[in-house]
1. So how far apart, in nm, are the two label points at R309 and A382 if each is 7 Å from Cα heading toward Cβ?
2. State the extension gain, in nm to one decimal, for the chain segment bounded by M237 and A299, taking 0.36 nm per residue of separation less the distance between their alpha-carbons.
3. Can you tell me which of 235-243, 337-345, 219-227, 64-72 comes out highest on packing, and rank the rest after it, using the mean Cβ neighbours within 10 Å?
4. Please find the FRET efficiency linking I362 to R282, where r is the Cβ-Cβ separation and R0 is fixed at 25 Å, and quote it to the nearest 0.05.
5. For Cα pairs less than 8 Å apart in space and 6+ apart in sequence, what is the mean separation divided by the residue count of the stretch 180-374, i.e. the relative contact order in percent?
6. Quote to one decimal, in nm, the extra length available between E39 and L198 on full extension: 0.36 nm per residue of separation minus the C-alpha distance between them.
7. Can you give the relative contact order of the stretch 34-85 as a percent, counting alpha carbon pairs under 8 Å and 6+ residues apart?
8. Expressed as a rounded percentage, what relative contact order does the chain have, with Cα pairs under 8 Å and six or more residues apart?
Amino acid sequence: MKRKVPGKSAGGRKSAATAPKARRSVAPASNKHSTDVFEQMAVHRHEQVSYWYDPASGYRGIIAIHNTALGPALGGTRFWHYVSDAEALYDVLRLARGMTYKAAVAGLNLGGGKSVIIGDPSIDKGVRERVFREHGRHVESLGGRYITAEDVNTSPRDMEWISEETKRVVGLAGRSGDPSPVTAWGTFRAAQACARFLWNDDAVGGKTVAVQGVGHVGYYLCKLFHEHGARLVVSDMSKEKVQRVVSEFGARPVEPDAIYGVEADIFAPCALGAVINDDTIRALRVAVVCGAANNQLAAEKHGDELERRGIVYGPDYVTNAGGLINVNAEIEGWSLEQSHTKAGEIYDTVLRVLEIARDEGIPSYRAADRLAEERVAKAEKARGLPHRI
Ligand code: NAD
């Protein structure tokens with residue numbers, strides 16, 4: 001079952017990374033995770049898990065590498081108040097696996113990995129630098145098998161500290177820059193693919209698009225839909241952000257909770273995870289769900305339900321891969337134009353995913369997994385590696 005991406009921890013007292021504090025769980029309290037590392041690794045055949053501890057700074061980090069058949073494992077560093085080490089392990093394994101699928105389906109020569117730092121993300125600057133430098137040493141110890149980047153509760157400044165200790169880090173200030181325009185472009189191309197699949201026409205002119213969240217990605221996505229003649233209905237918690245797209249693109253604003261019931265052709269979630277859930281799915285009056293938010297389905301059953309209701313779903317990790325493509329440019333030495341071209345290929349991938357889903361009678365999120373697994377399996381075979389995926 002998919003779960004919500006954790007939000008920001010409640011800040012407060014500045015302390016060492018490991019200082020005890022009221023911790024918010026990323027899972028229901030009743031959800032006990034196994035502490036048996038190999039048992040958990042076996043479930044999805046992870047390659048490697050590395051633990052690192054530094055008593056001086058309080059750094060406690062875990063790096064999980066799911067699969068490196070396609071290339072070095074890339075995935076961000078998440079700083080989070082986990083309730084237990086077992087919960088942190090569960091989260092890092094889940095996230096690392098997700099990165100294998102995202103990179104594979106995006107056609108990148110990257111594997112899947114992720115790292116977590118266990119502790120209070122609001123630690124003061126001095127301790128924070130020591131923690132991230134220690135994390136950099138941890139990353140470096142893996143000799144290039146893992147490359148890190150920003151994630152929840154980490155920033156470009158943290159990446160700079162990591163880069164003092166290792167070159168295996170992307171997303172540094174002054175490099176690939178804000179990924180949002182590339183992510184929005186990939187999501188827009190994904191929406192065009194959904195339109196082609198459903199209406200046999202890429203054109204979104206005259207279509208109504210409901211966009212939830214007009215922050216970094218949502219703003220650029222609105223711009224693209226507007227430039228292509230679509231009508232926009234938008235929601236955001238920020239009145240200023242809503243006002244901006246109302247005045248620049250003539251969008252119609254609705255209250256945050258009203259966005260689910262808007263009658264539209266396309267619903268584009270660009271804010272939170274788990275927005276397709278038991279409560280919202282019944283309200284949807286759209287033909288397509290295609291947005292940039294991560295983990296849009298609260299659970300896999302909601303992907304099945306979209307399928308049952310005849311709503312075309314562009315699987316989130318396929319549609320929002322522009323962010324990963326953008327940082328991959330730092331590794332490949334791509335120009336912004338090359339990143340845009342690569343993100344534009346999301347169109348072909350989404351179309352392929354939807355065709356597999358239709359031909360095999362499976363939901364699109366499963367078809368996306370299948371496509372990713374085929375690519376990894378091919379690489380495993382070509383490289384003479386054991387079959388893991
Ligand atoms: P952002 O924080 O800039 O924008 C999110 C917006 O959603 C904010 O303006 C916020 O006010 C709004 N919001 C929060 N709760 C809301 C609600 N209940 N209803 C309506 N609006 C609400 O974030 P972003 O960088 O634009 O990313 C948006 C989503 O896309 C996230 O899920 C992110 O993980 C995902 N994503 C982003 C990128 C990227 O390149 N930035 C890449 C891949 C995936």
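All of the numbers you see were taken from the coordinates with simple rules; none came from a lab. Keep in mind that what you see is a predicted model, and the values were worked out from it rather than measured. Note: ideal-geometry Cβ built from the backbone for every residue, glycine included; neighbour counts use all protein chains shown.
1. Calculated label separation equals 4.0 nm.
2. Full extension from M237 to A299 adds 19.9 nm.
3. 64-72, 219-227, 337-345, 235-243
4. Using R0 = 25 Å, I get an efficiency of 0.65.
5. In percent, rounded to a whole number, it is 25.
6. 53.0 nm
7. The value is 27 percent.
8. 16 percent
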